[in-house]
Amino acid sequence: MKNIQPKFTKTICILIVISVLTGCQGFLDKNINPNLTSSNPPSLILSALEGNLGFIMGSDLLRYSALWTQQIAAQNGRQTEAYDLYILQPTEVNGVWRAAIYAGVLADCEELLKKDPTSTHPHYFGIAKLIKAFSYTVLVDNWGDVPYSQAIQGTSGNFAPDVDPGQAIYSAMLTLIDDAIKDLNATSLSPNVAGDDIIYGGSANIIRWVRFANTLKLRMYLHLANTQGFDTSVITTFINNTPVTNFMTAIADDFQARYDVIPQRQNPVHQFILSRTDDICTSATIVNLMNNKSDPRRAPYFTPFPFSPSLLASPPISTTGGYAGLANGTSNFGLRTNLSRLHTYVRGALTSSTIPAGPNLPVGVGGLTYNGGSSTNILSFAEYNFIRAELALRYGAPGSAATFYQAGINASMQEAGVSAPTAATYLASPSGTLSGTPAQQLQQLIEEKYVALFMVATEPWSDWRRTGYPVLSQVPSALNPGNGGNVPRVIFYPQQEVDANPKLVQRSSLSDKKVFWDTRP
Amino acid sequence: MTKNVLLSVFALMLLTLSTALAQERAITGKVTSAEDGISLPGVNVVVKGTTNGTVTDADGNYRIGVSPSNGGSLVFSFIGFSTTEVEIGERTVVDVSLKADVTELGEVVVTGLGIERQSKTLGFSVREVKNDELTVGRTTNLVNALSGKIAGVRIAGSNGMTGSSSAIFIRGFTTFTGSNQPLFVVDGIPINNDGGGNAQQTGVSNSNRAIDINQDDIESMTILKGPAAAVLYGSRAAAGAIMITTKKGKGGEKNKAIEYTASYNINEVNRFPDYQNQYAQGTSLTSTGLPIASVYQPNADQSNWGPLINGQSVPSSYSVSDRALFGLPDTQPLTAYPNNIKDLFRTGNNMQHTIAFSGGNDKSTFRVSYNNLQDKGFLENNQLQRNSFRFDGRSQLTSKLQMGVSLNYINNTSQRSQIGNQLSNPLFRGWFLPRNYNLQGDPSVRPDGSQVYFNGNTDNPYWTLRNNLYNDEINRIIGNINLSYDFNEWASVTYKIGTDAFVQRIKTVDAIGARGQANWNVAGVGAVGDQMIYNQETSSYLNFNFKKKISDFNFSLLVGNEINLRVGQNLGFIGNTLSTRGFDNINDALNFTPLANGKFRSNLVGFYADFQTNYKNWLFVGLTGRNDISSTFKPDRNSYFYPSVTTSLVLTDAVPTIKGNIVDFIKLKANWAKVGREAPIYSTDTYYLQANPGDGFGPQLVYPFLGRVGRTLDDAAGNPQLSPEFTRSFEFGTEATLLKNKLRLEVNYFNTRTTDIILGVPVAAASGFTTQARNAGVLETSGWEVSLSLTPIKTNSFQWMVDANWTRLRNNVISLAPGVQNIAIGGFTTAQSRIVAGQPYGVIYANTLLRNDQGKLVVNGTNGLPIIDTRGPQLVADPNPDWVGGITNTFQWKGITASFLFDFRSGGQILSRIVNDLRRTGSAAETAELPRFDASGIPIANYVIDGVRNSDGAPNTTAITAQQYWSNMYSFNVPGMGVFDATSVRLREAAINYTLPRTLLEKTPFSKVEFGLNGRNLLLWTNVPHIDPETNLNGASNSQGLEFNAMPNARTYGAVLKLTF
């Protein structure tokens, strides 16, 4: 044994030295995550940011505005019930502003815009600019003044950007949209946008991006029209100078988010109903409004109440009922079954093989089941028509308000899958024609737009803030609603954002520091 | 490599077994105390110069084998007595009386890197816990066994489910968002103790991986408190270290022992909420909040504000078709079911068997053990089985070369039930089940397997327990090989290499038709998840030791190197949309989503030196330096150095005149140390992630989406400038032995300050990122620890010993990154644990009711209802206790030993969601203290909120009904109202053991028989209503003091039997 000892010691020592030396080379000199990439081709960024945008327009922001405009109501004593009572706190809006919009869509738009122009097709830049412009309008319409000119500069070290006035952002975005249209009209031999454009399907439909761009400008002009010192003749000039086929022409041009029919990839409202069963429900405000007009869109929007399979198969069309909603803010932690439920327009095609019997549809997922594949409208052809109708009605823009009004209803009927004869019957009824004083016509117009924009994020709320229509029901003061019982005009800045950025000063209430175009008292 | 290791292991096993069979002669004797002649049990007896040793039995008798050729001498050592060496000569009986050693010279403790030092020389704080202290309560999770026993150490459990995790905090918190858990080291090799965190919205109660360690294999656990004690373990021991020394075989004929330990413990819920049983489900308010006559509401209504229960006929809560299917009546008499929740629970049990064989000769020793544990939880489908095999062998190969091998194989399987803030948690709404619901009598499942429940929004508790499944299996190997070689009298080298490798396979099933989120949140379409997690940590240590004595000075020097390699890989898929109920195979799914699959690797190389010197054995000074190179930083800043200095002065040796009848021993100690800490892996760069938009309520878009992959820039910005965070500590303390060893006292003050804390600093998202990894923030912790051991009574046959400890510590967040107000470390948007500059660590913010400057509730002057504070979450609770402590009383009388550990927690708050739920739904007993209705069923307004009117500030006088009061005061929107002082006293452990006298065993094959009764968590006194405050939402986590729909805690009691052949 003795003779092996020196050898043994030597071997150990050599082993150690080798292991230490080899260890230090390649053992310690990198800290690179093998599971993630540090480069990203334009097509993958585009698919991510379009999906992200679609989700934003179908989740938090949609729930806030749909509750506050009483397109839906809330019950079951959880978060949405508080929102329905105007209790929305700064901590609750962190996600949508932070992870979804700024660090999500906008950061990815900027990543795309940084790509090398010599090897990247300009259509990518055009789409990125449009989504950026649209996202900033969403930010301004919900929060008012927000960071823009110094935003998305974290990679160069600016972690607390200045806040810009909403009006300045609007005007910068109008310019950016023009810029985007130039990109969309440009040609290049670089690989073009294709199926990675999950909204319009890429190069074959690039004209739809142009139509969306111009229609977005119209929506922005509509918001601007009421602001002090805005020259509305700009709108007329813009419409006259834009070929009519460069505006939306049919529901195929709708700017909407599509979804899969497989779990965790479905319409976010549908997913919300599944994970927060019965937290949101139908609102009496919109149900009654549509009941009064015998609106045929109730059948795809809502399930009948009282419920029965036969009524589901041949929906009631009377004005006196057949559908019921909950008066907003009156749930008081309760859970009601005597209501219509959100139906195929929101949740996709029915997949139930057996339809439960009545009279009340059972609560929860034990009721009807849907495939969750319905799209989320973001800016639709129907909205285009209602914008044109209002611009014509109030600001002397080209075209006939009455014609656009009917075209808007018609487009909405088409989207809801209402048959042409049924839609024609509705258009032939008093609801189908604008009438009365200009103020009455505006109310009629906005109420129809409100029905057409069912479950569209923010814009119906913007319409209410601009015009006061539709007339909303008062939430019960006995339940201590937030914001003094007044319908919110704007959202709190996110608590985390205010904490992290001293330049962002929190508003005192959901009515404080209104959006610059919200000039109605 | 692996093959070679295995070969060596087998070779060594054979070697130790064969050498153990050599011939020996036996020596017997009795060891007594020289002072009073009392026989001494537990005295170590070793043949000098060998590993051959034994321990005296309860009567002080021993028996040891020595080789016939070698007379040699025996060494007797025992805590509190002078180590005594006796020549054997030709004798076969060697009786010894030991002299008390008032200076405690003989007490040796294991310190960092396994270095054994005399306790009196240490300038830092360690505490050793012996096996018999650890195994008192027969807990499944080793960490729990430390509860209440050690000053400065706090154990925080998560809940009483079998397999649940417990966190351990040594001297509070030292970092913000990284782990504050100490490093676990088994026989010198670091092991993994991760995995104890719980998801909030999905899944089960997870284990921390120390649960794999069999307590019967442990000889002792040494807790290295703070950086000064743990500095040699470097970057990963900034939160302290726990060194586990396993049992080894002992040489000698007498020590060829077979030990068998068996225990059986009952496991049950230790506390249930107090319920009212007078009122049924329903309401007595209109939709606008005005009182009306009570209405019975079957179906979905989960609140208990309905009519008085008196047998009146009410409609069935089941559909026409279910009534036909199960033959249920259309109406039924309204009846209370007071035990409908209690009876959901069963009596669980915990059974453990360990058999160990050990032996050896004067050259080689071995120990082989097998442990089987079966733990059945108090809910269906919650159990844990563990099989552990352990081999340890060591051999003196030559007079200079020693080699040892140990290998531990563990197989651990578990079944777990859903917990958390989700509708598949059987108790999420089950805690406030309507009092009139017959949970046990009513159906829970249809013949087709679908569930039946009165509430269509929530999973039936029985159905979710039986159908939403979580099963996992762990196969784990922990082993090491160690060599030591003595060059000469003063120089030696040791080398040790070891690994801890495990594969965890998890199979999860979300049943078709599940209404809650279960494991994967797939909205009822059913999902199967198959996951495999591989984790390996390998460490190598090379240490050179030198010792020298020059006149009155002793020097020792250790120079060494550590190489540590951590690798892991996760593989997992969820298949959703299942076709066949009960098939539970991933191939049954329509769609597949990969989990966070990937590999990770991080490495660390450390070089260290430890220099110790003493003057005349009464002044001790130690200097330590360590330089780490960690792969978690960029190469230009991955190398960092940190030092420590420790000193101790044995006053009683320096100035012997102070020794006397009162003072036996006094030591003063002081130290200063600094330890670096690594960065979280891969945080130096920014990457692109697969897109996955989501809103926090469940809805999300998982990519591939619409047939496309989508990648998005990570919201968390990496930072190549990251450098180590440093924890600096200083400590002063004294240890004293007084009154002839009857009283031992240790008092320490420590102060720990961590700077450059690495964390994802929240930044304005308008920058494009939500966080950036930075070195920012300062955290300071300081505290006092007092430990006291007292022997109030000691006679020939009876002894009463008291061990007490007391800790008071303060964690103060000194600063976060500039401009950052707070960082969330757990919880929800409201009811959130935060780190806030200027506040204690982990304070809780939540939405709450509006109060005026005097703290009085502000009440709506018109209707008498409270008003929600719309400023958002406010500071409502500080979970940090004012002080904690524990007292163990041990009584020994002949062979009987009884011990009782009470632990105390004073102050600190808990935010309880259950209490709010029980109150707002009218389920809690206190909601029915006043009659709710008059004779005609009209609500009585008999509550007046103690507050002031918002209109004029005058005291509120408006009376409201019980439902108005409780449902507004504790509404869903104000979790901050459910805050309670978590002060508690509990009987943590109690045990009575009896060791049979040796005389009874003479004609049996047994050399020792011991049996006893024991229990854990037996009694609890607290002012927190309804729940045990020792439950935690996030499990073993930095977030403490949040209770959200938790599982209850457990009480266990049973019996144990130990046989030695």
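The values are calculated or read from the model by the stated rules, or taken from the named source; none is laboratory data. The shown structure was predicted, so the numbers you read here are calculated from the model rather than taken from an experiment. Backbone-built Cβ (ideal geometry, glycine too); neighbour counts: all protein chains shown. Surface accessibility is based on the protein's heavy atoms, side chains included, excluding ligands, DNA and RNA. Shrake-Rupley method; radii C 1.70, N 1.55, O 1.52, S 1.80 Å.
Things worth noting here:
- Output for the range B:386-425, where each listed residue is small (G, A, S) and open to solvent by less than 10 Å² (accessible area, probe 1.4 Å): B:S388, B:G393, B:S395, B:G404, B:S406, B:S414, B:S417, B:G420, B:S424
- Screening the range B:427-446 for residues that are closer than 20 Å to A:G367 by Cβ and more than 33 Å from the chain's Cα centre (by Cα) and picking the one that is nearest to the other protein chains (Cβ to nearest Cβ) gives B:R446.
- Residue match in the range B:652-660 (condition: open to solvent by 40 Å² or more (accessible area, probe 1.4 Å), more than 30 Å from A:S59 (Cβ to Cβ) and under 34 Å from the mean Cα position of the chain (by Cα)): no
- For the range B:882-903, taking the residues that are within 22 Å of the chain's Cα centre (by Cα) and among the charged types (D, E, K, R), the one that is most open to solvent (accessible area, probe 1.4 Å) is identified as B:D882.
- Sole residue being surrounded by 17 or more Cβ atoms within 10 Å (Cβ to Cβ) and touching a helix residue (DSSP H, G or I) at 6+ places or on another chain (Cβ under 7 Å), chosen from B:P1029, B:P1025: B:P1025
- Criterion applied to B:I155, B:I168, B:I150 was being buried (at least 23 other Cβ atoms within 10 Å of the Cβ), of a type outside the set (S, T, N, Q) and part of a strand (DSSP E or B), and the one residue passing it is B:I168.
- Of the residues making up the range B:300-321, those that are within 13 Å of another protein chain (Cβ to nearest Cβ) and surrounded by fewer than 19 Cβ atoms within 10 Å (Cβ to Cβ) number 4.
- All of (1) within 23 Å of B:G768 (Cα to Cα); (2) open to solvent by 20 Å² or more (accessible area, probe 1.4 Å); (3) not hydroxyl-bearing (S, T, Y) hold for B:L722 with one exception: (2).
- Test: B:I666 is β-branched (V, I, T), more than 14 Å from chain A (Cβ to nearest Cβ) and exposed (fewer than 15 other Cβ atoms within 10 Å of the Cβ): no
- Of all residues in the range B:626-651, those satisfying the criterion of being over 25 Å from B:Y541 (Cβ atoms), open to solvent by 30 Å² or more (accessible area, probe 1.4 Å) and assigned to a strand (DSSP E or B) are B:T647, B:L649.
- Where B:L689 falls short, out of the listed (1) assigned to a strand (DSSP E or B); (2) in contact (Cβ under 8 Å) with a residue 40 or more places away in the chain; (3) of a type in the set (A, V, I, L, M, F, W, C): (2)
- Test for A:Y493: is it in contact with a Leu (Cβ under 6 Å, 6 or more places away or on another chain) and either within 14 Å of chain B (Cβ to nearest Cβ) or open to solvent by less than 30 Å² (accessible area, probe 1.4 Å) (or both): yes
- A:A324, sole failed condition from (1) out of contact with any helix residue (DSSP H, G or I) (no Cβ under 9 Å at 6 or more places or on another chain); (2) surrounded by fewer than 23 Cβ atoms within 10 Å (Cβ to Cβ): (1)
- Criterion (in contact (Cβ under 8 Å) with a residue 24 or more places away in the chain, away from every other protein chain (no Cβ under 14 Å) and within 23 Å of the chain's Cα centre (by Cα)) met by exactly one of B:S417, B:S369, B:S406: B:S417
- Residue within the range B:904-924 that is within 13 Å of chain A (Cβ to nearest Cβ), crowded, with 18+ Cβ neighbours inside 10 Å, outside any strand (DSSP E or B) and of a type in the set (S, T, N, Q) present: yes
- Any hit, the range A:194-201, residues being touching a helix residue (DSSP H, G or I) at 6+ places or on another chain (Cβ under 9 Å), closer than 12 Å to A:G126 by Cβ, among the small types (G, A, S) and part of a loop (DSSP other than H, G, I, E, B): no
- If you go through the range A:240-268 and keep only what is more than 18 Å from the chain's Cα centre (by Cα), crowded, with 20+ Cβ neighbours inside 10 Å and modelled with pLDDT of 95 or more, you end up with A:F247, A:M248.
- Residue in the range A:358-375 that is modelled with the lowest pLDDT, counting only those that are facing chain B (nearest Cβ under 9 Å) and within 19 Å of A:Q266 (Cα to Cα): A:V365
Yes or no, residue by residue, for (1) closer than 24 Å to A:N94 by Cα; (2) within 14 Å of chain B (Cβ to nearest Cβ); (3) assigned to a helix (DSSP H, G or I):
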{"position": "A:E110", "(1), (2), (3)": "yes, yes, yes"}
{"position": "A:P117", "(1), (2), (3)": "no, no, no"}
{"position": "A:T120", "(1), (2), (3)": "no, no, no"}
{"position": "A:H123", "(1), (2), (3)": "no, no, yes"}
{"position": "A:K132", "(1), (2), (3)": "yes, yes, yes"}
{"position": "A:Y136", "(1), (2), (3)": "yes, yes, yes"}
{"position": "A:L139", "(1), (2), (3)": "yes, yes, yes"}
{"position": "A:S149", "(1), (2), (3)": "yes, yes, no"}
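- Residues located in the range B:385-403, provided they are in contact with a helix residue (DSSP H, G or I) (Cβ under 8 Å, 6 or more places away or on another chain) and away from chain A (no Cβ under 14 Å): B:R386, B:S388, B:R390, B:F391, B:G393, B:R394
- When the range B:367-379 is filtered for residues that are crowded, with 24+ Cβ neighbours inside 10 Å and more than 30 Å from B:V204 (Cα to Cα), only B:R367 remains.
- Here B:L344 fulfils each of the conditions (1) open to solvent by 50 Å² or more (accessible area, probe 1.4 Å); (2) among the aliphatic types (A, V, I, L, M); (3) out of contact with any strand residue (DSSP E or B) (no Cβ under 9 Å at 6 or more places or on another chain) apart from (1).
- Sole exception among (1) crowded, with 16+ Cβ neighbours inside 10 Å; (2) within 14 Å of chain A (Cβ to nearest Cβ) for B:S951, by number: (1)
Let's see how each residue does on (1) open to solvent by 10 Å² or more (accessible area, probe 1.4 Å); (2) within 16 Å of the chain's Cα centre (by Cα):
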residue: A:Q75; (1), (2): no, no
residue: A:I87; (1), (2): yes, no
residue: A:V96; (1), (2): no, yes
residue: A:I101; (1), (2): no, yes
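- For the range A:75-95, the tally of residues that are within 7 Å of chain B (Cβ to nearest Cβ) and farther than 19 Å from A:F333 by Cα stands at 4.
- Yes/no for B:N852 being open to solvent by 10 Å² or more (accessible area, probe 1.4 Å) and facing chain A (nearest Cβ under 10 Å): no
- Residues that are facing chain A (nearest Cβ under 8 Å) and surrounded by fewer than 17 Cβ atoms within 10 Å (Cβ to Cβ), drawn from the range B:275-299: B:T286, B:T288, B:L290
- First in the range B:621-644 and more than 10 Å from chain A (Cβ to nearest Cβ) and basic (K, R), second anywhere and surrounded by 19 or more Cβ atoms within 10 Å (Cβ to Cβ) and in a loop (DSSP other than H, G, I, E, B), Cβ under 6 Å, 6 or more apart: none
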